[in-house]
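The values are calculated or read from the model by the stated rules, or taken from the named source; none is laboratory data. From a predicted model like this one, the values you see are computed outputs, not experimental measurements. So basically every Cβ, Gly included, is an ideal-geometry build from the backbone, and we count neighbours across all protein chains shown. Keep in mind that these areas ignore ligands, DNA and RNA; they rest on the heavy atoms of the full protein, side chains included. Shrake-Rupley method; radii C 1.70, N 1.55, O 1.52, S 1.80 Å.
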Amino acid sequence: MRLSDLLLVLSLIAAPVAAEELTIVSWGGAYEAAQRQAVIDPFATQTGLDLKVTVYDGSWTALAERGSAEGWDVIDMLADQASVACAKGLLHEIDPDTLFSQAALQDFTPFGPDRCAVPQNAYARVMAFDDRAFAGVKPTRIGDFFDTTRFPGPRAIQRSPDGILEWALLAEGVPPEQVYGLLSTDRGLRLAFRKLDTIRDDIVWWDDPAEPAEMLSDGRAVMAAGFNGRFFDAALRDRAAIDIVWDGRIVGIEVWAIAATTDEPDAARDFIVHATTPASMARFATRIPYGPARRSAFDRIGLNPDTGLPMRPYLPNAPQHGGRILVQDSSWYANTEELRQRRFRGWLDTAE
Amino acid sequence: MAGLAVGLTALAMPDVLGIGTSTLRFATIDGAFALGEVIVLIAAKTVLTALCIGAGFSGGAFSPSLLIGSLIGVFFWTVASAFAVVPTSGAAIYAISGMMGFASAVIGAPLTCILIVFELTRNYDVTIAAMVSVVFSNLVSHRVFGRSLFDVQLARRGIDFSLGRDRAHLAALKVVDHLQPEAVTATADDAPEHVADRLLEQGWREAFVLDGDGRLLGVFTPGAHGDIGSVGSGAVPARLIFDDATDLAEAMERLRGFVGDAVPVVSGESGKYLGAVSEADLVSAWLDESARLRREENASV
């Protein structure tokens, strides 16, 4: 047992009113199962606390409505939702400097903890294709998603402006660091939709994140925009002929945050410190392809316990992928929600 | 006023604001601007830049010139791709060529601009295209406007680099700083013999004749006029007069063909006599300054 863990245990034992129960809020499904095995169960064993896991839909409004009544303590959130919730005072403020050493703070990637949230893992919107559809040259770049001459066939896209606008500008040759700047202008949005016009007749829309992988498997689409975890499951667990293009992946960050209404702030903080150690992150990332949010955790990633496959190649933020990587700008997302939806609906309507 | 103009224009056209990072990026995307839009934007950015610099805003001409130049490139691309029968390359090449052609003429640094393109793109084709535009834009702007915006601005302040650095340095030295304290002056009613004695004493051949207010009447040379009553009637107008604005470079030009000891210097405003500079002093000042420039040029050797 490391010294920090020992101190953690001692501090909990020494606490006058021993924490009886900590409610952790997560997403359910395979994600939650991996989180239990990698993070929650080891913490429970270590501290003897009773940990309860609740599922929610990921929105900050759910936190506002249910958080206090159900006694939520620690919440797994998307970075943009957490920043909105933090601004609305729904989250308990933490002081990253007291929770982490300077070296640990430097270790976080692509960004470190802020006053409400500590990054825990990275997922990505990626482009995937049906390998059977392209016998010769395969798509390798985001530009190929919009190239219906070289790569003909239907494309599966989420019925939402998220992700596809960024890709449209990347395909126009805009470097990742300028994408959100340009999308913040009217001209940028117009250009993105103009690019989307070029594949309008080839789009098949999806709403459920499980659909794109199914569409690729059953031939409804030859290329699809979706989440890397879903494509991983289809390709490796179901042996579908799906390959992922990592160029232009849009990396989103999930964070741990503490509800403002928590009755166990100390235990909640201890849980977050435990959950964001490189060892916990690596345990989680070997079970499900969500990349760790700390650089040093990559060194610990080994084989998936179920399939026996090495997991490092499937993590969205693994350093060896190369290509362009776009880190989702959570404040841009938080500020443009209404505008994006309005422009997207406007574009959909002009189709008919 | 200038700020208000910028603000109002930016409400309609946000592209005019700032150093235009995003607009520069848009310029490289085919068809990001319609033809009319480009023309209005070029005009607006040019006018507003002039207005802001004229109004004394902090800021320079370089980054606006990058933006205006690349928009001009986009303009040519739009026209060329709309009317030309031959296929054209992407807007990006036109934008880069336009940007560098325009900026190099504004800052007067054609070689620098070509190297910047090469460094940033590492692409021979783009560099050659940019080189052609830089060369021609510099040829044209040199004939029509001048070597660069900065040269023209300096020329307005009286510093002209077009004849070389020596000339600019010499033009900064004024003859009024080299007055010879021993020059002999006389008033109009002085007796000629008396003045001749004083000249002999100082070793000069000419005396400068002044009126009661200290204005220069002429030059008196003893022995040139036979018998005269006063210095005033023997004085002849000075063949060469400098004023307090005369610089060394100009003085050296005008000394060509001058014979005499010294040149009188008068105040440009009041016409009052300030003193005289000797030919020898001007020559040595010129030699000293030339030597200083040579030393400066060879300082690193």
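For the set A:27, A:256, the ranking by accessible area, highest first and with no ligand, DNA or RNA atoms included, is A:27, A:256 under a 1.4 Å probe. For region B:31-84, treating each Cα as an identical point scatterer without solvent, what Debye log10 I(q)/I(0) comes out at q = 0.18, 0.19, 0.21 1/Å? Log-scaled intensity ratios, in q order: -0.60, -0.65, -0.74. Applying 1/(1 + (r/R0)^6) with r as the Cβ-Cβ distance of residue A:205 and residue B:34 and R0 = 30 angstrom yields a FRET efficiency of 0.50. Spherically averaged projected area of the convex hull of Cα atoms, region A:61-197: 12.2 nm².
Given in Å, the Rg to one decimal and the Dmax to the nearest whole number for the Cα atoms of region B:171-293 are 14.8, 51.
Measuring max minus min along each principal axis, the C-alpha atoms of the protein assembly as shown give extents of 130, 75, 50 Å (largest first).
Working from the Cα coordinates of region B:37-168, the gyration tensor eigenvalues give, after taking √(5λ), semi-axes of 28, 19, 13 Å in decreasing order. Of the Cα atoms belonging to chain B, the radius of gyration and Dmax stand at 30.3, 93 Å. In this calculation the C-beta distance from residue A:190 to residue A:148 is compared with R0 = 35 Å, giving a FRET efficiency of 0.95. Expressed as a whole percent, the accessible surface of chain A that belongs to carbon and sulfur atoms is 51, based on a 1.4 Å probe. Summarised as an ellipsoid, chain A has semi-axes of 37, 23, 17 Å, derived from the eigenvalues of the Cα gyration tensor scaled by 5 and square-rooted, with the largest first.
For residue B:280 and residue B:1, the difference between the fully extended length at 0.36 nm per residue and the C-alpha to C-alpha distance is 94.9 nm.
A protection proxy built from the mean count of other Cβ atoms within 10 Å ranks the segments A:153-165, B:278-290, A:308-320, most packed first, as A:153-165, A:308-320, B:278-290. Counting only Cβ charges, +1 for Lys and Arg and -1 for Asp and Glu, the dipole size of the protein assembly as shown around its Cα centre is about 1920 debye.
Once all protein chains are placed together, residue A:65 keeps about 140 Å² accessible to a 1.4 angstrom probe. Note: relative contact order over chain B, using C-alpha pairs below 8 Å and six or more positions apart, is 11 percent.
Each Lys and Arg adds +1 at its Cβ and each Asp and Glu adds -1 at its Cβ; summed about the Cα centre, chain A shows a dipole of about 1180 debye. Put a dot 7 Å past the Cα of residue A:131, heading toward its Cβ, do the same for residue B:111, and the two dots end up 5.6 nm apart. The residue B:287 and residue B:202 beta-carbon pair, evaluated with R₀ = 22 Å, returns a calculated FRET efficiency of approximately 0.35.
Rank by packing, highest mean first: peptides B:180-188, A:208-216, with packing defined as the count of other Cβ atoms within 10 Å averaged across residues.
A:208-216, B:180-188
Separation of region A:284-352 from region A:242-277 is 13 Å, based on Cα centroids. Under the membrane-span-like helix rule (DSSP H runs whose alpha carbons stretch at least 20 Å along the helix axis, mean Kyte-Doolittle hydropathy -0.5 or higher), chain B yields B:35-54, B:62-83, B:91-107, B:124-144. The mean number of partner chain beta-carbon atoms within 10 angstrom of a residue's beta-carbon across peptide B:182-195 is 0. Counting only DSSP beta bridges with both residues in chain A, the antiparallel share comes to about 60 percent.
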